[in-house]
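Report on one structure; see the data block that follows.
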Amino acid sequence: MNYPLISDYIEAIKSAEDNFNELSYLRPVLGNDGQPVMSSGNFAVVFKMKDVRDGQLYAVRCFLRDQEGRDECYRLIEEELKDMKLPYLVSFHYIDKEIYVDNDQTDETEFPVLLMDWVEGMTLDKYIQENIKNKKALQMLSYNFFKLATWLIKQPFAHGDLKPDNILVKGDGSLVLVDYDGMFVPAMQGQKARELGSPDFRSPKRLSADFDCTIDDFSIISILLSLCMIHVKPSLLNDFGAQGRLLFSEKDYNDIENSQVYLSIPKYIFSYTNYPKLMKEACCGNDFSLSNKSCKLTVLRKPSKNVSPISKTKRKANVNRKEEEIIERNIDDVDLQEEENNIVYPWLFSPFNQVSPRLFITPNQLKDPFELAKAMVSSKSFVIPNQLSSIEDGKKGKMDFGIVISIIFLTLCILIITLIVWIR
């Protein structure tokens with residue numbers, strides 16, 4: 001089945017009150033040139049519409065190409081997601097044969113549309129370009145995408161086509177995913193993918209039969225690593241960026257070990273995140289999945305006002321306030337909401353890119369000497385809480401005098417108890 005041209009849709013939208021069926025209450029929002037505000041891609045054109053009854057803004061997505069089973073797929077997606085909490089998706093409703101379009105492409109005159117809430121924002125790549133000199137904005141962007149990624153990894157569904165064009169950055173910096181044509185939901189188990197996504201953001205080994213809740217994992221690690229690289233060294237975007245992608249391309253994925261982009265990853269990212277390692281595993285492995293316990297993500301903590309989570313600035317702790325850090329945890333054990341409500345203390349002598357026992361203690365343990373001793377005994381390495389010391393370029397800072405006294409006191413108590421038991 002052929003579909004109308006963009007120009008055909010524009011003419012139809014101009015007379016929306018006559019050409020819509022259920023949505024006749026919508027009117028196009030016009031730009032300074034007097035034309036409907038719109039954006040287009042390879043598969044659809046999206047118009048900004050306004051409800052004349054209450055002023056609510058909507059996006060109406062009109063399709064430019066046929067997709068087998070589109071009606072059934074959107075029905076399944078709506079059914080699966082209707083009762084779920086979806087902070088990174090917009091509500092939508094698929095309506096078949098909704099808009100009348102006079103065109104020369106086909107004898108058909110009635111076509112489906114996708115009605116969505118309007119999101120005011122800009123695409124991820126455009127946001128980066130406009131904020132390329134704003135390190136704070138780039139830093140926050142990395143953190144916000146990390147939050148989106150960890151949320152998405154845990155879901156039983158997948159977006160199916162993660163790329164900059166399908167990620168919108170709102171005015172407050174939060175992210176929203178759009179374009180659900182390639183989405184997977186559990187009801188589609190056993191089906192083949194309707195589309196494979198952009199070659200610059202998907203695994204080169206992915207086939208149409210690879211269609212489940214893990215299909216976003218490759219895109220996630222590629223985008224997350226790229227965002228961190230751009231934050232640390234913005235000039236990389238000028239060196240390797242291109243229209244429609246960030247840093248990595250399909251060519252890089254096919255030979256990741258010799259990729260100039262991969263070889264240009266700042267050493268600091270190698271030292272304090274495991275994203276380069278995961279990127280390499282994703283390109284070389286056949287069953288890469290971030291939901292596996294063997295795969296870890298370096299957790300990006302929310303940047304504080306003065307401290308960058310991946311910068312070599314001096315970090316000075318204050319026990320009475322939150323200090324945002326980068327820590328490595330298994331993503332299955334991460335509860336972002338809980339972490340944002342509690343202070344987490346990572347220890348110094350465990351590099352973030354190593355798999356080793358890590359000791360995390362809470363403020364309550366710091367207040368209770370016996371709880372502190374118990375936590376330290378259970379750890380396999382001597383540790384100093386970084387909230388009570390200063391760090392610069394990864395070097396150990398001076399130990400707080402109070403901690404020294406506490407350790408000496410606890411040691412003496414243990415020796416005395418041991419001596420008493422031995423005498424008896």
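Apply the Karplus parameterisation 6.51 cos²θ - 1.76 cosθ + 1.60, with θ equal to phi minus 60°, to every residue of the range 135-151 and state each ³J(HN,Hα) to the nearest whole Hz, in sequence, with x for glycine and proline.
Along the range 135-151, the couplings run 4, 5, 5, 5, 5, 5, 4, 4, 5, 5, 5, 4, 4, 4, 5, 5, 5 Hz.
Stretched out fully, how many nm does the piece from I423 to N258 gain, at 0.36 nm a residue minus the Cα gap?
Values: separation 165, 0.36 × 165 = 59.40 nm, distance 6.68 nm.
Length difference between fully extended and current span is 52.7 nm.
With the contact rule set at Cα under 8 Å and sequence spacing of 6 or more, what percent relative contact order holds for the range 6-117?
24 percent
Residue by residue, what Karplus-based ³J(HN,Hα) values in Hz, rounded to whole numbers, does the range 177-190 have, using 6.51, -1.76 and 1.60 with θ = phi - 60° and x for Gly and Pro?
Going residue by residue, I get 8, 10, 6, 9, 4, x, 5, 10, 10, x, 5, 9, 3, x Hz, with x marking Gly and Pro.
Roughly speaking, what is the stretch gain from H93 to E17, that is 0.36 nm per residue apart minus the C-alpha to C-alpha distance, in nm to one decimal?
Stretched out fully, the H93 to E17 stretch lengthens by 25.5 nm.
Can you give me the relative contact order of the range 122-300 as a percent, contacts being Cα pairs under 8 Å and 6 or more apart?
Relative contact order here is 22 percent.
I'd like the FRET efficiency for M1 and V119, computed as 1/(1 + (r/R0)^6) with the beta carbon distance as r and R0 of 30 Å, rounded to 0.05. Walk me through the numbers before you get to the answer.
Working: r = 29 Å, r/R0 = 0.97.
With a Förster radius of 30 Å, E is 0.55.
Return the FRET efficiency for the residue pair K126, T106: r is the Cβ-Cβ distance, R0 is 22 Å, and the value is rounded to the nearest 0.05.
E between K126 and T106, to the nearest 0.05, is 0.05.
Where does the range 136-182 land on the Kirkwood hydrodynamic radius, alpha-carbon pairs, in angstrom?
11.4 Å
Per residue Cα convex hull volume for the range 122-300, in cubic angstrom?
Once divided by residue count, the hull of the range 122-300 is 110 Å³.
Sorting check: for 409-419, 89-99, 104-114, 149-159, which peptide has the highest mean count of neighbouring beta carbons within 10 Å, and how do the rest follow?
The packing order, highest mean first, is 149-159, 89-99, 104-114, 409-419.
Taking the C-alpha atoms of the range 6-117, how large are the radius of gyration and the largest Cα-Cα span, Dmax, in Å?
Rg, Dmax (Cα atoms, Å): 14.2, 42.
Using modelled amide H (1.01 Å from N, peptide plane; none on Pro or chain starts), what sits under 5 Å from the amide H of D117, excluding residues fewer than 5 places away?
Excluding prolines and chain starts, which carry no amide H, the hits are A59, S91.
Which whole-Hz couplings ³J(HN,Hα) result when phi for each residue of the range 24-34 is put into the Karplus expression 6.51 cos²θ - 1.76 cosθ + 1.60, θ = phi - 60°, listed in order with x for Gly and Pro?
Coupling constants for the range 24-34: 5, 7, 8, 10, x, 8, 9, x, 5, 8, x Hz.
Read-outs: derived from the displayed coordinates by stated rules, not from any lab. Here the structure is a predicted model, which is why all the values come from computation and not from measurement. Backbone-built Cβ (ideal geometry, glycine too); neighbour counts: all protein chains shown.
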